[in-house]
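Single-structure report; data block below.
The values are calculated or read from the model by the stated rules, or taken from the named source; none is laboratory data. Bear in mind that the values here come from a model prediction, so they are computed numbers and not experimental data. So basically every Cβ, Gly included, is an ideal-geometry build from the backbone, and we count neighbours across all protein chains shown.
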Amino acid sequence: MKAVIVPVTAFEQNCTILWCTETMKGAVVDPGGDIDQIIAAAEENGVTIEKILITHAHIDHAGGAGELAERLGVPIEGPHKDDDFWIQGLPNQSREYGFPLARTFVPERWLEGGDSVCVGNLKLDVVHCPGHTPGHVVFFHPGQKLAIVGDVLFQGSIGRTDFPKGNHQDLLDSITQKLWPLGDDVTFVPGHGPASTFGNERKSNPYVADDVM
């Protein structure tokens, strides 16, 4: 597996293109916008995009999903169905935050915790991690020890929970009960900012380090 990060939108959201090196088939995770840049990055790496994966349906993560799916003729998988109200609200979100008008979409497949998604010959585990949004999911590849965590966890911080249906305790439980057990040596790509490891965050994150929980 290989992956590249394409920062998109004024929010500098970490859109990830990941692909199977055996088949060169890939997925775009969280295309919040700047669709031309995403397509160009895939082409530069010789990747054929076969699907779109969504961690959660905030505008900076899902705002470009409907357009990208239509342009490439590929399905959307994720997030969990509890984020459907965020998907239906994408046009309002785009107006509120000054984004180009985003279209709603219906995922080909809603995801549940314990599901898996396939990209080429790769299989990623789906972990349902509510808190930032109720339907937030994380994509985890055990072999590469890589997790794409959206806005659940950041280097030195955690996701906001002051949005509709956010829940701070749910977020803490998601991190400590669902992410930490995946292993301290797991590298994670957050929705914004630099990558880190779960082990580093357990030592130093002021919100969820072991000595503050």
Next on the checklist: Condition first: buried (at least 21 other Cβ atoms within 10 Å of the Cβ) and not in a loop (DSSP other than H, G, I, E, B). Now tell me which residues in region 178-192 satisfy that.
Outcome noted: LEU179, PHE188, VAL189, PRO190
Next on the checklist: As an exercise: evaluate GLY73 against (1) more than 23 Å from PRO194 (Cβ to Cβ); (2) out of contact with any Asp or Glu (no Cβ under 7 Å at 6 or more places or on another chain); (3) surrounded by 15 or more Cβ atoms within 10 Å (Cβ to Cβ); (4) without any contact (Cβ under 8 Å) to a residue 60 or more places away in the chain and give the number of the one condition it does not meet.
Outcome noted: (3)
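Taking the conditions exactly as written (surrounded by fewer than 24 Cβ atoms within 10 Å (Cβ to Cβ), of a type in the set (A, V, I, L, M), within 16 Å of the chain's Cα centre (by Cα) and in a strand (DSSP E or B)), does VAL138 satisfy them or not?
Values: surrounded by fewer than 24 Cβ atoms within 10 Å (Cβ to Cβ): no; of a type in the set (A, V, I, L, M): yes; within 16 Å of the chain's Cα centre (by Cα): yes; in a strand (DSSP E or B): yes.
Answer is no for this residue.
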Checklist outcome for this item: Those residues of region 1-58 which are more than 19 Å from PHE139 (Cβ to Cβ) and buried (at least 17 other Cβ atoms within 10 Å of the Cβ) amount to THR9, PHE11, GLY33, ASP34, ILE35, ILE39
Checklist entry - Any residue at all in region 82-103 that is surrounded by 14 or more Cβ atoms within 10 Å (Cβ to Cβ), of a type in the set (A, V, I, L, M, F, W, C) and either at positive phi or touching a strand residue (DSSP E or B) at 6+ places or on another chain (Cβ under 9 Å) (or both)? => result no
Item to check | Filter result (among the small types (Gly, Ala, Ser) and either in a loop (DSSP other than H, G, I, E, B) or within 15 Å of HIS128 (Cα to Cα) (or both)) within region 146-160 | outcome: ALA147, GLY150, GLY156, GLY159
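Quick grid of which residues meet (1) surrounded by 17 or more Cβ atoms within 10 Å (Cβ to Cβ); (2) on the phi > 0 side of the Ramachandran plot; (3) in a loop (DSSP other than H, G, I, E, B); (4) modelled with pLDDT under 95:
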residue	(1), (2), (3), (4)
ASP162	no, no, yes, no
LEU172	no, no, no, no
THR176	no, no, no, no
PRO194	no, no, yes, no
GLY199	no, no, no, no
TYR207	yes, no, yes, no
Next on the checklist: Every residue in region 115-131 that is touching a strand residue (DSSP E or B) at 6+ places or on another chain (Cβ under 7 Å), more than 25 Å from ASP36 (Cα to Cα) and assigned to a loop (DSSP other than H, G, I, E, B), please.
Outcome noted: ASP115, CYS129
Checklist entry - Could you say whether any residue in region 99-113 is in a helix (DSSP H, G or I) and touching a residue at least 24 places away in the same chain (Cβ under 8 Å)? => result no
